[in-house]
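Enquirer: Dropping the structure in here first, questions after.
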Amino acid sequence: MAKFIKFTIDGEECMAQEGKYVVDAARENGIYIPTLCNVQGIKPKGACRICSVKINGRLMTACTTPVTDGMIIENDHADIQELRKSIIELLFVEGNHLCPSCEKSGSCELQALAYRFEMMVPRFPYFFPLREIDASHPKIIKDHNRCILCKRCIRVIKDKDGKNIFAFRDRGHHTGIYIDPELADNLTDELADKAADICPVGAILKRESGFKTPIGNRKYDQEPIGADVEKINPSNGRKKS
Ligand code: SF4
């Protein structure tokens, strides 16, 4: 039988099933912890570090840490919010994220987090790296300028035999996402849609489907990121009106 435990987030008493990851347990209690690499239901990686929280006084990633009884979690803390904002800024300067011309604008989680954290101009110098756009696959376009190396595509997109279609190649700032040439034909239309959808930024785009949803009507044009979680009423799991 599932065991429920109690813990606090920013002093608020919360309850969740033992063993849930902190990020999921927080969500169930109507508390949003931002993430970029995490995908609900997929083994977490703790790659982006944006979900960093203080647990019993120590900085830890909320997506990889299971909640335990009596845990004291700090989420909405000035130092933590500042750390998250600086990670977002670093991601912006490390790649080439030209939001006004990006097909993902309005559905991009990085852009949405930048708005949430009120990022204006990053405090770090831009790298302006030279990165390629790879349009060699018949179903998708990969724009390496926008990839934040979150590994979502590697972890989520698998062919019918469970093999990873995407992989990292090269090292350091040359690291990029590539399609295994032997499995390239296994990227069906359905998987291509899923890859474009799971990518938090516009680094994977489905061919011939750009701007289907007009800018202004996109996900984060309607509602800021995290607002759906913060509307959940923890007492009954239903959305607050
Ligand atoms: S292509 Fe997208 S999903 Fe894949 S690692 Fe880069 S940002 Fe993440």
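Enquirer: For the residue pair Arg218 and Ser86, what label-to-label distance in nm results when each label sits 7 Å from Cα along the Cα-to-beta-carbon direction?
Expert: Distance between label points: 2.9 nm.
Enquirer: Hey, another quick one. Can you give the local net charge around Pro66? Use residues other than it whose beta-carbon is closer than 10 angstrom to its beta-carbon, Lys and Arg +1, Asp and Glu -1.
Expert: -1
Enquirer: Which one of Gly19, Ser107, Ile133 has its Cα pushed farthest toward the positive end of the charge dipole of the chain, where Lys and Arg give +1 and Asp and Glu give -1 at the Cβ?
Expert: Gly19
Enquirer: Between 0 and 90 degrees, rounded to the nearest ten: what's the tilt of helix 189-198 against the longest Cα principal axis of the chain?
Expert: So the helix axis and the longest Cα principal axis differ by about 50 degrees.
Enquirer: Can you tell me the length gained on complete extension of the stretch Thr64 to Arg49, counting 0.36 nm per residue apart and subtracting the Cα distance?
Expert: Residue separation times 0.36 nm, minus the Cα-Cα distance, leaves 4.4 nm.
Enquirer: Using the Karplus equation 6.51 cos²θ - 1.76 cosθ + 1.60 (θ = phi - 60°), what ³J(HN,Hα) coupling, rounded to whole Hz, does each residue of the stretch 122-132 give in order, writing x for Gly and Pro?
Expert: x, 7, 9, x, 6, 7, 6, x, 8, 10, 8
Enquirer: In whole Hz, with x marking every Gly and Pro, tabulate ³J(HN,Hα) for the stretch 19-33 from phi via Karplus 6.51 cos²θ - 1.76 cosθ + 1.60, θ = phi - 60°.
Expert: After applying 6.51 cos²θ - 1.76 cosθ + 1.60, I find x, 5, 5, 3, 4, 6, 5, 5, 4, 5, 9, x, 10, 8, 10 Hz.
Enquirer: Okay, next question. Under a crude label model (7 Å from the Cα following the beta-carbon direction), how far is Glu13 from Met120 in nanometres?
Expert: Taking the simple label geometry, Glu13 and Met120 are separated by 4.3 nm.
Enquirer: Something else: Using unit Cβ charges (K, R positive; D, E negative) and no other charged atoms, how large, in debye to the nearest 20, is the dipole of the chain about its Cα centre?
Expert: Here the chain has a charge dipole of around 200 debye.
Enquirer: Right, another one. For Ile204, which sequence-distant residues (separation of 5 or more, or a different chain) have an amide H within less than 5 Å of its own amide H, given hydrogens modelled in the peptide plane?
Expert: Asp143
Enquirer: Sorted from largest down, what three extents in whole angstroms do the Cα atoms of the chain have along their principal axes?
Expert: 52, 44, 39
Enquirer: Let me have the relative contact order for the stretch 104-155, percent, based on Cα pairs under 8 Å that are six or more residues apart. It would help to have the intermediate numbers written out before the result.
Expert: Values: 21 pairs, mean separation 10.2, N = 52.
Worked out over the stretch 104-155, it gives 20 percent.
Enquirer: Using a simple spin-label model with points 7 Å from Cα along the Cα→Cβ vector, what separation in nm is obtained for Glu190 and Glu230?
Expert: My value for the distance between the label points is 3.7 nm.
Enquirer: Another question about this same structure. Specify the angular offset, from 0 to 90 degrees and rounded to the nearest 10, of the alpha carbon long axis of helix 78-94 from the longest principal axis of the alpha carbons in the chain.
Expert: 0 degrees
Enquirer: To continue, here is another question. Once R0 is set to 35 Å, what does the formula 1/(1 + (r/R0)^6) return for the Cβ-Cβ distance between Ile133 and Ala78, expressed as a FRET efficiency to the nearest 0.05?
Expert: According to the calculation, E is roughly 0.35.
Enquirer: Quick one: putting +1 on the C-beta of Lys and Arg, -1 on the C-beta of Asp and Glu, what dipole do you get for the stretch 1-144 around its Cα centre, in Debye to the nearest 20? Can you show the working numbers first?
Expert: Numbers: 17 positive and 19 negative charges, 78 e Å.
The dipole magnitude comes to about 380 debye.
Enquirer: OK, next. Starting from the amide H of Met71, placed 1.01 Å from N in the peptide plane, find each other amide H under 5 Å away whose residue is 5 or more places distant or on another chain.
Expert: It is Thr8, by chain and number.
Quick note: the coordinates plus some simple rules give every number you see, no bench work behind them. This one's a predicted model, so the numbers in the text were calculated from it and none came from an experiment. Cβ coordinates were reconstructed from backbone atoms using ideal geometry, including for glycine residues, and neighbour counts include every protein chain displayed.
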